[in-house]
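For reference, the structure discussed in these notes is given below.
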Amino acid sequence: MKRITNIRRDRGTVLKAISISFCMSLFVTHTEARQHTPYTFAEQDTTAYFVDVTSFHLPQDPELHALDAVFTDVDHDGDPDILIGVEYGENRLYLNDGNGRFTWKKGAFGPSAHDTEHVLSADFNVDGHPDVIFVAEDDQTHQLFLGGPEGEFTEVSERLPGKSEGNALAIGDVNGDGLIDIVIGNSGGQRSDATGHAPAQDFLWLNDPERPGYFIDVVATHMPADNDDTQDIALVDLNGDGHLDMVIANENQSNRLLLNNGSGHFTDASERLELLVPMETRQVHVLDANGDGKPDLLFLNLTSNNSGWDKDPRARLLINDGNGFFKDQTEERLPENRFSTYAGTIVDFNDDGHPDILMGALQIPGFNPLQLRAYQNDGNGYFKDVTPEVVPGVTVGRHWGMAVGDLNGDGKDDIFIGAWGTQARLLLGQ
């Protein structure tokens with residue numbers, strides 16, 4: 001994330017994609033492990049859909065910059081743990097006790113602090129254990145860790161073929177060889193130190209079939225040239241040919257769409273996106289909003305990175321016309337919003353079989369934390385704001401990267417909500 005304007009840092013030295021994560025089944029039933037003394041929650045902690053268990057279930061650190069998170073079962077005990085990318089702090093592993101209560105395993109990824117922006121997990125080296133990649137921005141220190149049978153990690157970052165000012169991360173098998181590849185979205189700018197100008201060209205690294213878990217830089221032969229300030233990337237089959245295409249969300253330039261020919265070679269097809277207004281997009285999410293079996297696109301936006309009022313921060317919903325062209329139908333399908341959104345997630349919070357939306361909300365200018373927002377889908381892709389009914393009143397913060405899954409084995413989706421300088425939060429589904 002680009003440095004936020006007009007916010008003083010109080011920590012001294014501390015200034016999503018279609019992800020294929022290595023998650024075991026999230027619907028586990030360890031009934032004996034689930035026995036525990038119930039807590040009494042205040043009215044503001046609970047709704048009919050979620051209970052905010054942050055105070056009881058998560059390590060408390062209200063100054064942490066937890067910018068991204070992913071669920072995966074690192075220790076093979078049948079319940080998902082949480083991997084957290086931390087901006088200028090130690091990246092974290094929170095271990096699940098089976099009831100959705102978490103303990104920080106300190107030092108899991110070493111003590112070094114980097115400007116980490118994103119984290120994802122997959123079995124990159126095909127040994128049956130989840131591995132982890134972290135992507136960093138200012139210090140350009142991307143990290144790769146291989147997982148072991150007991151949940152331990154070994155750093156092998158030398159296997160990554162480049163450095164960059166990384167602000168986006170996606171993983172998936174883009175060339176159909178059965179191995180997980182890596183895409184990093186980059187932003188550029190003149191650095192104040194000796195590293196010079198950071199490249200803005202997005203990276204594509206193919207997993208080496210002769211040495212799984214090693215990566216080959218194929219940008220020059222497989223990607224169109226770009227100089228975007230990329231903030232998010234999603235890998236998804238957009239035109240129904242069975243290959244992972246790419247949606248690129250940008251901070252300053254227009255959002256883009258790249259089509260995959262099946263061998264991991266991408267060509268620009270951004271004319272398929274109807275972009276009616278200028279956007280500063282921070283995330284792109286893929287969902288079947290209207291139930292027609294085709295992927296639609298949701299762009300989450302800022303007015304600015306806290307430098308004043310600039311662009312319209314309203315989220316934009318683009319509906320697939322059935323042929324892989326995307327029409328902006330925001331006006332008739334989404335509520336209007338004036339808040340800015342750094343992150344959100346797609347989840348069916350009312351269990352009606354239709355994807356709903358959770359969105360972080362900040363007041364910009366001011367960078368003031370607001371309550372998480374909930375938009376409910378009517379089943380036909382028309383959304384209404386149901387925040388008071390769905391989101392606990394205490395779920396307020398500068399919300400960042402989110403992760404969704406069943407953390408306590410009750411069959412309900414739970415939500416981890418990262419945060420920038422406010423307490424990360426945990427919502428258990430009811």
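The values are calculated or read from the model by the stated rules, or taken from the named source; none is laboratory data. Since the model is a prediction, treat every value here as computed from it, not as a measurement. So basically every Cβ, Gly included, is an ideal-geometry build from the backbone, and we count neighbours across all protein chains shown. Side chains included, ligands, DNA and RNA excluded: accessible areas come from the protein's heavy atoms. Shrake-Rupley method; radii C 1.70, N 1.55, O 1.52, S 1.80 Å.
Send over a whole-number figure in Å² for the accessible area per residue of segment 106-192, probe 1.4 Å. Write out the running numbers ahead of the final one.
Numbers: 2660 Å² over 87 residues.
Dividing the accessible area of segment 106-192 by its residue count gives 31 Å².
Could you size up the charge dipole of the chain around its Cα centre, putting +1 on the beta carbon of Lys and Arg and -1 on that of Asp and Glu, and report it in debye to the nearest 20? Working shown, then result.
Details: 30 positive and 70 negative charges, 253 e Å.
Value, rounded to 20: 1220 debye.
Lys/Arg Cβ at +1, Asp/Glu Cβ at -1, dipole of the chain taken about the Cα centre: which of Gly148, Ile180, Gln423 is farthest positive-ward?
Gln423
Hey, what's segment 257-368 come to in accessible area per residue, 1.4 Å probe, Å²? Mind showing how you got there, number by number?
On the way: 3840 Å² over 112 residues.
Spelled out: the 1.4 Å probe surface of segment 257-368, per residue, equals 34 Å².
Grab the Cα-Cα distance for Gln430 and Phe56, subtract it from 0.36 nm times how many residues apart they are, and report the gain in nm with one decimal.
Once the chain is fully extended between Gln430 and Phe56, it gains 133.0 nm.
Given that compact globular proteins tend to follow 2.2 N^0.38 Å, what is the ratio of the alpha-carbon Rg of the chain to that value?
Taking the Cα Rg and dividing by 2.2 N^0.38 Å, one obtains 0.92.
What is the distance in Å between the Cα centres of segment 103-131 and segment 237-295?
Comparing the Cα centres of segment 103-131 and segment 237-295, I get a distance of 28 Å.
How much accessible area does Trp309 have with a 1.4 Å probe, in Å² rounded to the nearest 10?
My reading of the accessible area for Trp309 is about 110 Å².
Order Ser121, Ser263, most accessible first, counting only protein heavy atoms with a 1.4 angstrom probe. Walk me through the intermediate numbers first.
Details: Ser121 0, Ser263 50 Å².
Largest accessible area first, the list is Ser263, Ser121.
Report the gain in length on full extension from Asp177 to Ser263: 0.36 nm times residue separation, minus Cα-Cα distance, nm rounded to one decimal. Don't skip to the answer; put the middle values down first.
Details: separation 86, 0.36 × 86 = 30.96 nm, distance 0.88 nm.
Taking Asp177 through Ser263 to full extension adds about 30.1 nm, to one decimal.
Give the accessible area for Ile346 in Å² (nearest 10); use a 1.4 Å probe, count only protein heavy atoms, and leave out ligands, DNA and RNA.
40 Å²
Of Leu428, Leu275, which has the most accessible area and how do the rest follow, probe 1.4 Å?
Working: Leu428 15, Leu275 60 Å².
Sorted by accessible area, descending: Leu275, Leu428.
Is it possible to state the helix-based mean residue ellipticity at 222 nm for the chain, with each DSSP H run of 4+ residues giving -39500 (n - 2.57), the sum divided by total residues, to the nearest 500 deg cm²/dmol? What is it? If you can, show how the numbers build up before the last one.
On the way: 4 runs with 16 residues, N = 430.
Here the helix-only value at 222 nm equals -500 deg cm²/dmol.
State the percentage of accessible surface on segment 94-216 attributable to carbon and sulfur atoms; use a 1.4 Å probe and exclude ligands, DNA and RNA. Could you put the intermediate results ahead of the total?
Numbers: 2180 of 4280 Å².
Answer for segment 94-216 is 51 percent, counting heavy atoms of protein chains only.
How much FRET efficiency would the formula 1/(1 + (r/R0)^6) give for Glu210 and Ser157, where r is the Cβ-Cβ distance and R0 is 22 Å, rounded to 0.05? Before the final figure, lay out the partial values.
Numbers: r = 20 Å, r/R0 = 0.91.
Using R0 = 22 Å, I get an efficiency of 0.65.
Mind scanning Lys106/Lys412; Lys294/Lys327; Lys327/Lys384; Lys294/Lys384 and naming the pairs with a C-alpha gap bigger than 24 Å?
Numbers: Lys106/Lys412 29 Å; Lys294/Lys327 13 Å; Lys327/Lys384 20 Å; Lys294/Lys384 21 Å.
Violating the 24 Å Cα-Cα cut-off are Lys106/Lys412.
What does the accessible area of His222 come to, in Å² to the nearest 10, when a probe of 1.4 Å is used?
Counting only protein heavy atoms, the figure is 20 Å².
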